[in-house]
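Following: one structure in C-alpha cells, then a few remarks.
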Amino acid sequence: MNDKIAYARHGNVAVLRLENPPVNALSHAVRGGLMAGMDRAEADTGVRAVLLVGAGRAFIAGADIKEFGKTPLEPHLPDVCNRIEASPLLVVASMHGVSLGGGLEVALSAHYRIAQPDARLGLPEVHLGLIPGAGGTQRLPRVAGVEAALDMITTGRHVMAPEALAMGVIDQIEAGDPEAIGLAYAKALLYEEAARRPVSEMPAPAPVDWDARYAAVLRKGRGQISPAQAVRAVQASVEMPFDAGLKAERAMFRELMETDQRQGMIHAFFAERAVSNLPGLEGIAPRALTGVGVIGGGTMGAGIATAALLSGLRVCLIERDTAVAEAARGRISANLAGALKRGKISQEQQDAMLDHALVLATDYAALKDADLVIEAVFEEMATKKTVFKQLDKVCKPGAVLATNTSYLDVNEIAAGTSRAGDVIGLHFFSPAHVMKLLEVVVTDQTTPDVVATGFALGKRLGKVAVRAGVCDGFIGNRILNTYRSAADHMVLDGASPFQIDAALADFGFAMGPFAMADLAGLDIAWAMRKRRAPHLDSRARVGKYADRLCEAGHFGQKTGAGFYTYEQGQRVGTPNPDVMSLIEAERAARGITPRDFTDAEITRRYMAAMANEAARVVGEGIARRPLDVDMVLLFGYGFPRFWGGPLKWADLLGLPALLADVERFAQEDVFFWEPAPLLQQLVSEGRNFDDLNKAG
Ligand code: COA
C-alpha cells in the first residue's frame, strides 16, 4: 500500500480509494498501490468484496500521460487489470466524474459497475495516437458488442452514464456519494450471493466485415493510424481466445507508442492546455465581463455575437441602420437555430438569448455600459480608426476596446484613442461561433489585465486563445501567406493546384490550399494581393492566374466556380477545366518550362515554408513559444492534429533536415527561402523547438 491508495474496511467489504489528484491518473505509484491493495483485501480475513472508488473529481482519467514515452515500470496496467479481474473476491467499481482510457479498463476488470448519473466514460486513446492497451479492446466488445465498442474506441467519444447503461457497460446508475453508493451496491450483491463475473469469461461477440471497417476508419481519419488499428484490435477480441487477444492488443499498443503520430498527438494534448498559461499573466486578474458590444453584424460580427450569447454574455450589437441591424439579427438567429438543432441549447434558452440578452442598436451610445467591445467592421484602417474614435467617446472607463482585424496594425488603431492600454486585438476565425481559435493580439501598450481579459473571454467562449504580437497577419495569417506562396511557386513551376491539394490532403490537412481558398472566397486573397502589391519586394514571385479567375467573377464556392466548380449546394467540387489553361498561359508568358513534382516533394516544400516562417514568428517574439504557433495552425487552419503542429512536425523531422531543405530550395529562390535565424541557431546548438517550449 502507499499514499495513493487508501484502504478501509467496512464489514465484509474492503474499499480501495484512489487518491492521486487532480484526476487519479494511473501513475506507477497508483498501479503499485492497487496491486498491494488487492493483496491486502484478499489476505484480510472476512473480506468478501472489494470496492474501487476514486477520491476527488473523477474515478480515473486514465493512464498517466506524463509517463508515456518513458520506460514503462512494473506493474504494468494490463497486469493490474488482470489481477483485479482474477481476484476470488467480488470486485465492484463505483464511477463518478470521468472514467477514461485506463480508468474504464480498470472498471471493466471489476465484476460489477455502478455509476453516477452524470458520469462520463470513454476510451479516448486514439486522440493520443494510441489504442487502449490494458484490455479495453478485448473487454468492451464482450460487454457492449462489436458495434458499440468500435464506435467508442475508434472515435474516442465520451459516453454519458445512461447511454453506457443501455450499452451494458455499466450495471446500475445511482446518485449520491460514490463510496456510499458503491458500498451499498457491493453489500446488496453479496447479500444476493451474486457470482463473480469476469468479462474475460464472457463469450466473444459476432464478427463484422473487418477490412471494410478498417478502410472506412482510415479514410475518415485522413491517415491517422490509431483508430484504424483499433479496428484490428477489436477484431482480435472476436477471433482469438481472450489471452491471445490481450497479447495482440498490447503488441499494437506498443507499436503505436513508438510512432511520430503518438508524439504529435500527445504534444497537442499538453500544448492545448499550456497555451493559455502565459508566464507573464500569473496572478493578474482579468476585468469583469458581463456585457459585450459588437460593432458590425456581418458574418463575422454575427458569429462573434452568437458565440458571446451562447456563453451567457449580454450582447449589444451596433449596425449603421435598422434594416442592416435586422439582417444581423437574422444571421444570429440562424446561428442559434443551428445550436438548437445540434442540442447545444434549449428552445427557452434560444428565446431568452434573442429576446433579452441581445440588443440591436444604431447609436454607439448604447455601448456605454459594455465591459468589452469588439469591432468587426470592414478591414480598412480609416474605417477602424473612425470606429475607435467613437468608442473612445462613449465607452465607460476601463472598458476593453478590441478589434477583430486579421492583419492591420493594432498599435496604429490604439494610437488613435486616448486609452491605448485598453486596446487589444481579438482575432476570431470564421464562422466565429464554431472555430475554436482566438488570437489575442497584444500591442506595445496593452496592459496585462487587458490581456488577461482577452484570455478570460476566450476561455468563456470555449476557444483556444493564443497570444500574438503585432505584425502583418499576426501568427496564423502571416504563416498562411508564406505557405500559400510556396504552393503558388510550385504551380508556376509545374505542379497543378489539384495535385497540391491531393498531396496535402494525404498528409492529413482537412483540405488543400486551393480548395481552402475556394471556401474562403478568392476575392479575399485578391484584395490582399492588391493591398500588398505596392509594398512587395521586386524579388517576390506572385502568380497572376488566380487574379484572372477573380476578374471573370469566379470567387470560389460562393459563385459556384473557382479552382473547382461546384454543383448547386455542394461543398466538394471538381477541378475547374479552365484553370490549367490560365496557369499554362502564365508559365509561357514568364518563360517557365514546367517540371514534375512528386507528392512527397510538394509536401516537403509546403511544410518547410510553413515551419521556416513559423520559426521566424517565434524568433521575432510574435509568438511566445513554438507551441503557440502549433495551436494556431491546429485550431485555425486545419493542420492535422496527429502531427502536433508545424514546429512539432519540424522536431519530428529533425531540424538539421529541415534547414538542409530550406537551404537546398534557396538555391532556386534565395529571397523566398531565406532560413529563419532561430532555425539556424537551434541547429547550431543541437536543440529543437520543444526545448524552447520547456523553457517556457
Ligand atoms: N495523465 C496525466 N495528467 C492528466 C491526465 C492524464 N491521463 N488527464 C488530465 N491530466 C491533467 C491535465 O494535464 C491537467 O493538468 P494541469 O492542471 O497541470 O494543467 C489536469 O489533469 C486537469 O485536466 P484538464 O484537462 O485541465 O481538466 P478538465 O476538467 O478540462 O478535463 C479530463 C479533465 C480528464 C476530461 C481531461 O483532462 C482529459 O480528457 N484527459 C485525458 C484523458 C485520457 O486521454 N485518458 C486516456 C489516457 S490513456
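If you take the beta carbon distance between Asp355 and Val394 as r and set R0 to 25 Å, what does 1/(1 + (r/R0)^6) give as a FRET efficiency, to the nearest 0.05? Intermediate results must be reported in sequence, preceding the final value.
Numbers: r = 25 Å, r/R0 = 0.99.
Step by step, r from the Cβ atoms, then E = 0.50.
Counting other C-beta atoms within 10 Å, which of Glu125, Glu613, Glu147 has the fewest, and how do the rest follow?
Starting with the residue having the fewest Cβ neighbours, the order is Glu147, Glu613, Glu125.
Defining a contact as two alpha carbons under 8 Å apart and six or more residues distant in sequence, what relative contact order in percent does the range 31-103 show? Kindly include the intermediate steps, with their values, before the conclusion.
Working: 82 pairs, mean separation 38.2, N = 73.
Worked out over the range 31-103, it gives 52 percent.
Tell me the label-point distance for the pair Arg532, Glu412, using the 7 Å Cα-to-Cβ offset, in nm and rounded to one decimal.
Taking the simple label geometry, Arg532 and Glu412 are separated by 1.6 nm.
Strictly over 27 Å apart at the Cα level, which of Lys396/Lys436; Lys220/Lys648; Lys344/Lys459; Lys220/Lys436; Lys385/Lys544 would you flag in this model?
As for pairs spanning more than 27 Å Cα to Cα, those are Lys396/Lys436; Lys385/Lys544.
I'd like the orientation of helix 322-341 relative to the chain: the angle between its Cα long axis and the longest Cα principal axis, in ° from 0 to 90, rounded to 10.
Computed tilt is about 20 degrees.
Going by how many other Cβ atoms sit within 10 Å of their own, how do His535, His267, His127, His28 line up, fewest first?
So the ranking, lowest neighbour count to highest, is His535, His28, His127, His267.
Going by the alpha-carbon gyration tensor, a ≥ b ≥ c the square roots of its eigenvalues, is the range 364-436 rounded (a/c under 1.5) or, if a/c is not under 1.5, prolate (a/b greater than b/c) versus oblate?
It is oblate, given that a/c is not under 1.5 and a/b is not larger than b/c.
Rounded to the nearest Å, what's the spacing between the alpha carbon centres of the range 653-676 and the range 239-278? Just the number, please.
32 Å
Run down the aspartates and glutamates and flag those whose C-alpha is under 15 Å from the C-alpha of Lys384, throwing out any fewer than 8 positions away in its chain.
Reachable aspartates and glutamates: Glu319, Glu375, Asp392, Asp409, Glu412.
Determine the distance separating the Cα centre of the range 86-101 from the Cα centre of the range 433-468; give it in Å without decimals.
One Cα centre to the other: 41 Å.
Output the relative contact order of the range 405-489, whole-number percent, from Cα pairs under 8 angstrom with separation of 6+ residues.
Details: 120 pairs, mean separation 25.9, N = 85.
Relative contact order of the range 405-489: 31 percent.
Run through the DSSP bridge list for the chain and note the antiparallel percent, rounded to the nearest 5.
Antiparallel bridges: around 25 percent, rounded to the nearest 5.
Using a Förster distance of 22 Å, how high is the FRET efficiency between Ala244 and Glu147, based on the Cβ-Cβ distance and rounded to 0.05?
For Ala244 and Glu147, the calculated efficiency is 0.45.
Once both axes come from the Cα atoms, what is the angle between helix 626-636 and the longest principal axis of the chain, in degrees from 0 to 90, rounded to 10?
So the inclination is approximately 80 degrees.
Put +1 on the Cβ of every Lys and Arg and -1 on every Asp and Glu Cβ in the chain; which of Val618, Gln570, Ser406 then has its Cα farthest towards the positive end of the dipole?
Ser406
Relative to the first principal axis of the alpha-carbon coordinates of the chain, what is the inclination of helix 242-257, with its axis defined by its Cα atoms, in degrees from 0 to 90 and to the nearest 10?
30 degrees
Could you tell me how far the Cα centroid of the range 370-404 sits from the Cα centroid of the range 27-62, in Å?
57 Å
Mean projection of the alpha-carbon convex hull of the range 171-255 over all orientations, in nm²?
Averaging across all directions leaves 8.5 nm² for the Cα convex hull.
Quick one: Debye curve from the C-alpha atoms of the range 1-131, no solvent, what's log10 I(q)/I(0) at q = 0.09, 0.19, 0.20, 0.22 Å⁻¹?
Here the Debye-derived log intensity ratios amount to -0.22, -1.03, -1.14, -1.38.
Fully extended, how many nm does the chain gain between Asp177 and Arg9 (0.36 nm per residue separation, minus their Cα-Cα distance)?
Numbers: separation 168, 0.36 × 168 = 60.48 nm, distance 1.71 nm.
Length gained between Asp177 and Arg9: 58.8 nm.
In whole angstrom, and with the biggest value first, how far do the Cα coordinates of the chain range along each principal axis?
Principal-axis extents of the chain (Cα, largest first): 86, 61, 53 Å.
With the cut-off at 1.5 for a/c, could you classify the range 430-514 from its C-alpha gyration tensor as rounded, prolate or oblate?
On the way: a/c = 4.61, a/b = 2.03, b/c = 2.27.
It is oblate, given that a/c is not under 1.5 and a/b is not larger than b/c.
So for the pair Ala334, Asn481, with labels modelled 7 Å out along Cα→Cβ, what separation do we get in nm?
3.1 nm
Order by neighbour count: Lys694, Lys187, fewest other Cβ atoms within 10 Å first, most last.
Lys694, Lys187
Let me have the relative contact order for the chain, percent, based on Cα pairs under 8 Å that are six or more residues apart.
Once normalised by length, the contact order is 9 percent.
Classify the range 86-148: rounded, prolate or oblate, from the alpha-carbon gyration tensor (a ≥ b ≥ c, eigenvalue square roots; a/c under 1.5 rounded; otherwise prolate if a/b is larger than b/c)? Working shown, then result.
Values: a/c = 1.68, a/b = 1.25, b/c = 1.35.
Because a/c hits 1.5 or more and a/b fails to exceed b/c, the range 86-148 counts as oblate.
Sticking with the crude label model, points 7 Å out along Cα→Cβ, report the distance from Gln681 to Arg83 in nm, one decimal please.
4.9 nm
Computed from the coordinates by the stated procedures, all read-outs in this text should not be read as laboratory data. The structure presented is a predicted model; accordingly, all values stated were derived computationally and were not measured. Backbone-built Cβ (ideal geometry, glycine too); neighbour counts: all protein chains shown.
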